[in-house]
DNA sequence: TCATCTAATGATAGCGCTGTCATCGTAGCC
DNA sequence: GGCTACGATGACAGCGCTATCATTAGATGA
């Protein structure tokens, strides 16, 4: 319906050749100011908007930044997206998402979908790509940023933090607060979760407080309800447990509710620590301790790095550790 | 890096002309089975993937379905997205998002961004587009679905439910449970929220139980913390309030925690009802009543309608009411 | 047997833009 | 004054695909 206005029509209106219009739009400093003025006038008079497909075909490069995340409903990832938006919304780049559903095969497939568009940049969550996916990323001739986590051997650039260390810090906090029988609650035991568990375990073992039977995990995706169920199972088997490090905040929230149901008071009869520090944690009663991670900033930083590379500026170090810190609240106030 | 394989190369390998390859891929039934077999073999031997930009340029139509939602971090919208994915992930269509941040101007701008790509379809959240945005949508020559809500005068198609009626049903439930002084908690009072408020008000007035001073609202975006603050303010001013209808589940959760802090027991001293029925509601202690909306199904249905139209099938009625129903739980068990 | 029709395939010409090189005019310099 | 250098603009071709029409071969019927 809305008739498409082409470059050529703008050029005719402005009395110049199409290529000059193209240049005026992309690198205004390369055309005479008065020419540019005429062109700008024609552009707005005709309501010209460039056709991204034509541009992509001509340049062999789309102004698209592809983002691969495991889930669109997990606040952890959507916070990163918000950061990306913040940095990218006023640029010529479009963001395009793919949801991997935590399935490596889907990630590979979506990577193919993105790659065929020759994206300007690629952002992928995590460091656990399949070998095939990794090869694709390495061959992609565009900037690539792995977000959420840091590890050895980045494909290209990396922004995140060590989940192992963050979990270890949380465990240290529990022990420092006087809890003697810490347990672990985990759902969807993917590699990232495993590394958090490893951090818990390492620290608990260092304090001689590790007990495998106090680790309750499931392959089920995480949720508040699952957190409640896990705590119930854990306490049934190991009633001596006096604190739980939960793999994420949903589980922690579920654990809190379950503790209420069981009549176990928090924090004196049970310490609870979550992971991610979603907004609800501080508002809970008692307020829940969690590990604060800088998700929004990860998005901003990843976008910034990609932009810097694309615009020929120095993107700075290829590996950025945004850290994580324990946000201590009442739920880990210590045993009675 | 990864060298691009073109249609022409596949054609050469298969010993046919490029156009035949194009046909074999798009409408396999129009080429001889053995020709098709040779082409398929060549495609996989060479690892050919079509270039979406070239296709878009040649057809004047991109295989993109644009989605405009207010927020990427609000579970309400991401659930719709999941539904879209479910229906679209095995098709040739890509989903592309725009986040409007609840700003009509941003919505207009993003609509322009999408439109210039000549998308195959467009999905927008809500029915509160600006006149300009509405005009753009009407002129877009592609299927358009408004989701999340239904109302008079759809741009094209619509899938959702009446927020007014859903809120009224929740209010009716509170009154039926015996609560006599119902209040309202609302954050980010956008038009959709206003309609929920109107539903609450209409029903409360019908029962002669409406009291403006028992309505506590803020322009601040919603969160668990805000829910707690609103309840505190409400109860300070109107201690007789014996139930709250919360505009969404975050507020309800915050209200629950605040009630705990204030020593006000739920449900006998205070009934709490949320809206959306996020997973956490059923896991809370006490479990929280909420209004269940079919967000995932909305996504599925919207995508289905668009596909039907694009594939020349009958999309069925243009306005689909997916309804909403009160999921009663312990938090509205009735006053003491 | 020959005209007529249909199914399968091909040739051609763009879609709207930009990379590359060519052209033109003018300023600057010896 | 004639030369180079350079900034501004333009001509041309082509990115990879598909719409359109043309062509071919085989099937059908009188």
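Results, tabulated for the structure shown:
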| read-out | value |
| --- | --- |
| Contact order normalised by residue count of segment B:106-147, Cα under 8 Å, 6+ apart, percent | 52 |
| Estimated inter-spin distance, residue A:238 and residue A:4, nm [label 7 Å along Cα→Cβ] | 6.3 |
| Angle between chain A longest axis and helix A:104-115 axis [Cα atoms, degrees, rounded to 10] | 20 |
| Copies compared at residue A:18 - label distances in nm, ascending, label defined 7 Å from Cα in the Cβ direction | 1.8 |
| Tilt relative to chain A, helix A:191-206 - C-alpha long axis, 0 to 90 degrees, to 10 | 40 |
| Segment B:7-50: equivalent-ellipsoid semi-axes (sqrt of 5 x gyration tensor eigenvalues, Cα, Å) | 14, 10, 10 |
| Kirkwood hydrodynamic radius of segment B:1-146, from inverse mean 1/r over distinct Cα pairs, in Å | 17.4 |
| For residue A:90, inter-copy label distances in nm, listed shortest first [label point 7 Å out on the Cα-Cβ vector] | 4.5 |
| Mean Cα-pair separation over length for chain B, i.e. relative contact order, pairs under 8 Å, 6 or more apart, % | 16 |
| Mean residue ellipticity (222 nm) of chain B, computed from DSSP H runs ≥ 4 via -39,500 (n - 2.57), nearest 500 | -14000 deg cm²/dmol |
| Spatial separation of Cα centroids for segment B:143-165 and segment B:53-67, in angstrom | 26 |
| Theoretical FRET efficiency, 1/(1+(r/R0)^6), r = Cβ-Cβ of residue B:207 and residue A:46, R0 41 Å, to 0.05 | 0.10 |
| Label zone at residue B:330 (point 7 Å along Cα-to-Cβ), backbone N below 17 Å, segment B:159-185 | none |
| Folded to 0 to 90 degrees: helix B:295-310 orientation relative to chain B principal axis, Cα | 30 |
| Beta bridge orientation in segment A:213-328: antiparallel %, DSSP, nearest 5 | 45 |
| Ranking of A:164, A:282 by count of other Cβ atoms within 10 Å, fewest first | A:282, A:164 |
| For segment A:138-179, fraction of C-alpha pairs farther apart than 11 Å, in % | 69 |
| Sequence of B:30, A:6 once ranked by neighbouring C-beta atoms within 10 Å, starting from the fewest | B:30, A:6 |
| Neighbour-count ranking [beta-carbon atoms within 10 angstrom, fewest first] of A:94, A:250, A:63 | A:63, A:94, A:250 |
| Fluctuation leader among A:76, A:326, A:31 - chain A, Gaussian network, Cα springs under 10 angstrom | A:31 |
| For segment A:259-328 versus segment B:212-278, the gap between their alpha-carbon centres in whole angstrom | 27 |
| Considering only the protein assembly as shown, percent of DSSP beta bridges that pair antiparallel, nearest 5 | 10 |
| Extension reserve of the residue A:17-residue A:132 stretch, reckoned as 0.36 nm per residue once the Cα distance is removed | 36.8 nm |
| For chain B, share of DSSP beta bridges that run antiparallel, in % to the nearest 5 | 10 |
| Projected label distance in nm at residue B:176 and residue A:29, using a 7 Å step from Cα toward the beta-carbon | 7.0 |
| Selected from A:187, A:53, A:324 as most flexible by GNM, with chain A as the system and alpha-carbon contacts under 10 Å | A:53 |
| Cβ-vector label at 7 Å, residue B:6, separations to other copies in nm | 2.0 |
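Any read-out appearing in this document is the output of simple, stated calculations on the displayed coordinates, not a laboratory observation. Given the structure is predicted, the values throughout are model-derived calculations rather than measurements. Neighbour counts run over all protein chains shown; Cβ positions are idealised from the backbone, glycine included.
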